[in-house]
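Undergrad: Okay, handing you the structure first.
The values are calculated or read from the model by the stated rules, or taken from the named source; none is laboratory data. Note that the coordinates shown come from a computational prediction; the quantities given were computed from them, not determined experimentally. For neighbour counting, all protein chains shown are included, and Cβ atoms are generated from backbone atoms with ideal geometry for every residue, glycine included. Side chains included, ligands, DNA and RNA excluded: accessible areas come from the protein's heavy atoms. Shrake-Rupley method; radii C 1.70, N 1.55, O 1.52, S 1.80 Å.
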4 protein chains.
Amino acid sequence: MQLGMVGLGRMGGNIVRRLLRNGHTAVVFDQDPKAVAALVQEGAVGADSLEDFVSKLELPRTAWVMLPAGDPTEVTVMKIAGLMQPGDVIIDGGNSFYKDDIRRAAVLDEKGLHYVDVGTSGGVWGLERGYCMMIGGHKEAVDRLDPIFSTLAPGLGEVPRTPGRDGRDPRAEHGYIHAGPSGAGHFVKMIHNGIEYGLMQAYAEGFDILKHANSTELPEAQRFDLNIGDIAEVWRRGSVVSSWLLDLTATALAGDENLDAFSGHVADSGEGRWTLNAAIEEAVPAHVLSAALYARFRSRQSATYADKLLSAMRKGFGGHQEPK
Amino acid sequence: MQLGMVGLGRMGGNIVRRLLRNGHTAVVFDQDPKAVAALVQEGAVGADSLEDFVSKLELPRTAWVMLPAGDPTEVTVMKIAGLMQPGDVIIDGGNSFYKDDIRRAAVLDEKGLHYVDVGTSGGVWGLERGYCMMIGGHKEAVDRLDPIFSTLAPGLGEVPRTPGRDGRDPRAEHGYIHAGPSGAGHFVKMIHNGIEYGLMQAYAEGFDILKHANSTELPEAQRFDLNIGDIAEVWRRGSVVSSWLLDLTATALAGDENLDAFSGHVADSGEGRWTLNAAIEEAVPAHVLSAALYARFRSRQSATYADKLLSAMRKGFGGHQEPK
Amino acid sequence: MQLGMVGLGRMGGNIVRRLLRNGHTAVVFDQDPKAVAALVQEGAVGADSLEDFVSKLELPRTAWVMLPAGDPTEVTVMKIAGLMQPGDVIIDGGNSFYKDDIRRAAVLDEKGLHYVDVGTSGGVWGLERGYCMMIGGHKEAVDRLDPIFSTLAPGLGEVPRTPGRDGRDPRAEHGYIHAGPSGAGHFVKMIHNGIEYGLMQAYAEGFDILKHANSTELPEAQRFDLNIGDIAEVWRRGSVVSSWLLDLTATALAGDENLDAFSGHVADSGEGRWTLNAAIEEAVPAHVLSAALYARFRSRQSATYADKLLSAMRKGFGGHQEPK
Amino acid sequence: MQLGMVGLGRMGGNIVRRLLRNGHTAVVFDQDPKAVAALVQEGAVGADSLEDFVSKLELPRTAWVMLPAGDPTEVTVMKIAGLMQPGDVIIDGGNSFYKDDIRRAAVLDEKGLHYVDVGTSGGVWGLERGYCMMIGGHKEAVDRLDPIFSTLAPGLGEVPRTPGRDGRDPRAEHGYIHAGPSGAGHFVKMIHNGIEYGLMQAYAEGFDILKHANSTELPEAQRFDLNIGDIAEVWRRGSVVSSWLLDLTATALAGDENLDAFSGHVADSGEGRWTLNAAIEEAVPAHVLSAALYARFRSRQSATYADKLLSAMRKGFGGHQEPK
């Protein structure tokens, strides 16, 4: 079936590609004409404005917006909504805050439009392996778009099936779910990313301890000079800590065990922060997910005011002079 | 080749089975004669005492001790050592503290014996899938035992090979490594388990937030009644949080989404605790690994003294009466 | 000078009392006529409606609203604002969210009214010892109300003066500050409470470790049966951990060292949660303040879904059966 | 009465001074003859070797060792023990690990000597304000030394007495306790310092959030440019977060609100680490105390391996390039 795509960055572009390669058609728009041209080369229909884009979509229209969360998505969704007619669907496939989804869905609902939020995981691997999708919105719209979702999803692949799922929604094991009403898709994706932060930090701390196993802070007889790359590799088979993130770690360490290419500054995105806000609203303890986010905050500072204050107190009470 | 095994619990018994099924021979001993008899049925040679056990091993002997860490392992290793002769090998395949390995290896070294510590991951799945092994000890001994280790290890299997590892020790991608001198095997296994705690807690917190997404603490319009089992399933394909632990989670949730079979009390073992001790000795921050262990401590208490003290302070300052 | 007070709970009532005892006058209103009557007995002028209340205030009016944060404060502030005229002041002395202050101040500003937010600490001790106040709002209004604030504040008292403060705003050492524009008062009070949570949890954890120093998990020769009450007491003099919270702890433990009167369930209020939201918005790591809040969340649950999930994973991988 | 002191650093020297000023006598030794000479000037009897030191002590002898924990204390205690006779007392007033106390006390016990461990808090303020002391050892020895302890302790001072303590050991409110057998003194002092870390970190995080309240990460209308020094000052009176540490903070901030004199590197000492080890051994959750220690570890690193690993994973999965 036909999909319209606004926003042809890495994610948006590859989603269109995966659809085109599997028999679907696409109308595409991006503020960068080169991005449009590249996909036209691959079989998409190009548009040179949002108006042009909407006019080229077949009824009922399906427009997937794949833009940065916040203002860019807000403005574009609202503009497209103004050009559409009842029964049309707008998909927000970015990383929007779920409360924005709830609000926007209510606005579109009044116009008879469907708002579908799709949390999408897949990274640079999605084109080839498929995208894991968590979808929120009206059942009617989600069901109608099933050909799109089932094509984008990874499918069963070579992952063994989970025993005991007979009679359950088969979409889940194909890599996509209808999580609930509008907002539910991004809510689940948000927690997904929160967990991702936690998993990453667990590995990071463990490898950091391994790396420092020959620290001069230790008694000499208890030091080990470990091969970090081999350790990451060996855990990939038969060990309970095996995972995709470990695979990626092993690849990175095979190339540069000291990771000298990295400054140590680590970015964070909205989902990790919102996950904590959600935990706090629900009164659910989230020690690990918080610590993972804070480690990233800390990574971007060279010396904190908090630490300086500790030194000031130490000096005031004990006359301690910190080593530098 | 021949291996002697002392301790025929789930792990020890299955290790022998995997060896027997692949052309090796085994002498086995356990304080429970039934455990010995069961493996004799499957082709092992039984022994009825440690003396008998040692006498039935071919020179140079290889005795694998698979007993609980601490006294049971200590006593048995030392007793076997007293019955052995130079060139023989004792393997400690349990979950010993690495500093105990270092100490014991030094004692055995003086007698010309080899002490090899093997951290073993594989759980109830090892018999079929193979065991991931982290090995410490003399190169001479570890190399001589390679036929044993290569049989026990998972091998390449269907896990894609890590790019960029050409020229590196091929044992790692077969699921076993020689990590370093005595103690290094259990050190790496210890951190492995520390990471495992962190990964588990990251999932646990995330799913807890999902489970409480329809909490009455939330505004009604922002509640979601999510299908937790389907969410675990969908993340298994194409998502960056896919892992073996997630597979196990999906299986558990397919059977009982509310997990009513569990009390919420969670045990912990030495490795999680020792991981933190190691982090502290090395001065490496380990927020996530600590939080994961503390969550287990907390899970086994119904009301903490700490919490009661908070209430006492609240009452003293603000006259607050806690809700019960 | 004259102050109007709406909300005669523990805090509001005692603030009026402290003013009356020091030569000020007050007009009071509460939805409970008995609360009004009690203060009329002590010299206040009573009102039987918000309209009556406003009409009895001298120009320019000063109305202090001391109600629960959220809807009660919102509704009352807005209703009073509708009855006032340019130059009048509304004080929100409750525990409002600072972003609500910013919003409300803008609305009142358009009407020529002043909105002053006062974060107030003092608990049940404020009547006698005075209230520590953090104030946000227009300089003009804050300055005009100085007679009120200076009376309510603790003053220098017997607390030694901080060296090096010559030339700085003397209000701070008297126990009140003009922190900044509207919202700044509650922002500072919010962080104050966040710190309070952290301090309390630090004591709570430490005393919990002391209490468990004779745990049977420890080797017998390393157990101590400590007198927790005496320990709290001894730290009150000469020790760097001395504080008001420790004083309160010592008092509580003098009465009941086992704290059997408390269930272990600990409430939390908005400020602790908002503090974390602020930290996240600012990208400031707040491990301790988070952990303190999460401990309270955890205290109110008997068995978490998170913990059950850990057990489910443990069973799935290792066949472990948890002890109950 | 007479006290012998070995180790005339800041703590040891001032302890002797406080005793001399209150009618006691002292024999002193230090490896630095100038330190000895200085105290001889103030009335102490000097010694030029440990043998000389012991020989100048009256029977039964009392030797206070005030040296760095670990080898210096171990060697000196054992050497003095070799020179003493039954009934003599050795006090370890440093920051020894309590398990070392237990071991040393057993050794001295066999010789009929008393080993008394004294955890001492007071910092640079102890000379004037007195030292808070937590004491472990035989009742006989602790009681005999009461004139020393009661002189060194702060006494009731101006701190209000805790209600409800009638009939309890009066030493606690004078600032010293007999906590239990050997080791108990340093155990309680260890937890004291663990709590201190937690308290300090709670303030540090809170002030860090205040400092960043005008961060450009925030919407402009929600930024505050706060006077950090005035905030620390205002909380000293009437607020529940008042404490000695806050007094010290206010003093530091009065001098340099930006704390530019500090690098941000913060040292840690054994007690903070051992506190966590104790919590782990007791299975008591210690989120806050751990986080406080880890913050110090982190403060001394400019870029962690852990953080670099996060970046490597992010690049591997999402193609993310970190900002530097």
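Undergrad: Taking the residues in the range A:56-69 that are of a type outside the set (A, V, I, L, M) and in contact with a helix residue (DSSP H, G or I) (Cβ under 8 Å, 6 or more places away or on another chain) as candidates, determine which candidate is most open to solvent (accessible area, probe 1.4 Å).
TA: The selected residue is A:60.
Undergrad: Something else now. Give the range B:212-232 a look and list any residue that's open to solvent by less than 60 Å² (accessible area, probe 1.4 Å) and within 26 Å of residue A:174 (Cα to Cα), or say none.
TA: Selection gives B:212, B:213, B:224, B:226, B:228, B:229, B:230, B:231, B:232.
Undergrad: Based on this model, can you work out whether residue C:127 counts as under 25 Å from residue C:288 (Cα atoms) and in a helix (DSSP H, G or I)?
TA: Values: under 25 Å from residue C:288 (Cα atoms): no; in a helix (DSSP H, G or I): yes.
Answer is no for this residue.
Undergrad: Among the residues of the range D:233-253, which ones are without any contact (Cβ under 8 Å) to a residue 40 or more places away in the chain and of a type in the set (Val, Ile, Thr)?
TA: Correct list: D:234, D:240, D:241, D:251.
Undergrad: Here is a further query. When you go through (1) in a loop (DSSP other than H, G, I, E, B); (2) within 21 Å of the chain's Cα centre (by Cα) one by one for residue C:18, which number turns out not to apply?
TA: For residue C:18, the failing item is (1).
Undergrad: Checking residue A:230 against (1) in contact (Cβ under 8 Å) with a residue 24 or more places away in the chain; (2) within 28 Å of residue D:310 (Cα to Cα); (3) at the interface with chain B (Cβ under 7 Å from one of its Cβ atoms), only one condition comes out false. Which one?
TA: (1)
Undergrad: Please determine whether any residue of the range A:193-216 is within 7 Å of chain B (Cβ to nearest Cβ) and not in a helix (DSSP H, G or I).
TA: yes
Undergrad: Checking residue B:308 against (1) more than 7 Å from chain C (Cβ to nearest Cβ); (2) over 17 Å from residue B:201 (Cα atoms); (3) open to solvent by 30 Å² or more (accessible area, probe 1.4 Å); (4) not β-branched (Val, Ile, Thr): exactly one of these is not met. Which one?
TA: Every listed condition holds for residue B:308 apart from (1).
Undergrad: Something else: Among the residues in the range D:175-183, are any of a type in the set (Phe, Trp, Tyr), modelled with pLDDT of 95 or more, out of contact with any strand residue (DSSP E or B) (no Cβ under 6 Å at 6 or more places or on another chain) and not in a loop (DSSP other than H, G, I, E, B)?
TA: no
Undergrad: Then there is this: Looking at residue D:295, is it open to solvent by 10 Å² or more (accessible area, probe 1.4 Å), of a type outside the set (Ser, Thr, Tyr), modelled with pLDDT of 95 or more and under 15 Å from residue A:314 (Cα atoms)?
TA: yes
Undergrad: Could you count how many residues in the range B:113-127 are open to solvent by 30 Å² or more (accessible area, probe 1.4 Å) and either closer than 20 Å to residue A:218 by Cβ or at the interface with another protein chain (Cβ under 10 Å from one of its Cβ atoms) (or both)?
TA: 2
Undergrad: Across the range A:252-273, what is the total count of residues that are surrounded by fewer than 20 Cβ atoms within 10 Å (Cβ to Cβ) and either polar (S, T, N, Q) or assigned to a loop (DSSP other than H, G, I, E, B) (or both)?
TA: Residues in the range A:252-273 being surrounded by fewer than 20 Cβ atoms within 10 Å (Cβ to Cβ) and either polar (S, T, N, Q) or assigned to a loop (DSSP other than H, G, I, E, B) (or both): 9 in total.
Undergrad: Let me ask another. Specify the residue that is farthest from residue D:155 (Cα to Cα); the eligible residues are those in the range D:7-34 that are among the small types (Gly, Ala, Ser) and open to solvent by 20 Å² or more (accessible area, probe 1.4 Å).
TA: D:9
Undergrad: Name the one entry in B:256, B:307 that is over 19 Å from the mean Cα position of the chain (by Cα), without any contact (Cβ under 8 Å) to a residue 12 or more places away in the chain and not assigned by the TED database to the domain that holds residue B:193.
TA: B:307
Undergrad: If residue D:133 satisfies all but one of (1) outside any strand (DSSP E or B); (2) within 12 Å of another protein chain (Cβ to nearest Cβ); (3) within 17 Å of the chain's Cα centre (by Cα), what's the number of the condition it fails?
TA: (1)
Undergrad: Select from the range C:258-289 the residues that are within 16 Å of residue C:205 (Cα to Cα) and either among the acidic types (Asp, Glu) or more than 9 Å from chain B (Cβ to nearest Cβ) (or both) and list them in ascending order.
TA: C:288, C:289
Undergrad: Can you run down the residue pairs with Cβ atoms below 7 Å, 6 or more apart or on separate chains, where the first is in the range B:29-47 and under 17 Å from residue B:18 (Cα atoms) and the partner is part of a loop (DSSP other than H, G, I, E, B)?
TA: Once the first residue is under 17 Å from residue B:18 (Cα atoms) and sits in the range B:29-47, its partners that are part of a loop (DSSP other than H, G, I, E, B) give B:29/B:47; B:35/B:8; B:36/B:8; B:36/B:30; B:39/B:8; B:45/B:56.
Undergrad: Is it true that some residue in the range A:152-164 is part of a helix (DSSP H, G or I) and touching a Gly at 6+ places or on another chain (Cβ under 9 Å)?
TA: Scanning the range A:152-164, I find at least one residue that is part of a helix (DSSP H, G or I) and touching a Gly at 6+ places or on another chain (Cβ under 9 Å), so the answer is yes.
Undergrad: OK, next. Would you be able to say whether some residue in the range B:48-64 is under 21 Å from residue B:119 (Cα atoms), outside any helix (DSSP H, G or I) and hydrophobic (A, V, I, L, M, F, W, C)?
TA: yes
Undergrad: Can you pull out every residue in the range C:220-251 that is in a helix (DSSP H, G or I) and among the β-branched types (Val, Ile, Thr)?
TA: C:228, C:231, C:234, C:249, C:251
Undergrad: Let me ask something else. Name the one entry in D:74, D:158, D:110 that is free of Cβ contacts under 8 Å to residues at least 12 places away in the same chain, surrounded by fewer than 22 Cβ atoms within 10 Å (Cβ to Cβ) and either under 22 Å from the mean Cα position of the chain (by Cα) or facing chain C (nearest Cβ under 8 Å) (or both).
TA: Numbers: D:74 fails: free of Cβ contacts under 8 Å to residues at least 12 places away in the same chain; D:110 fails: either under 22 Å from the mean Cα position of the chain (by Cα) or facing chain C (nearest Cβ under 8 Å) (or both).
Just a single option satisfies the conditions, and that option is D:158.
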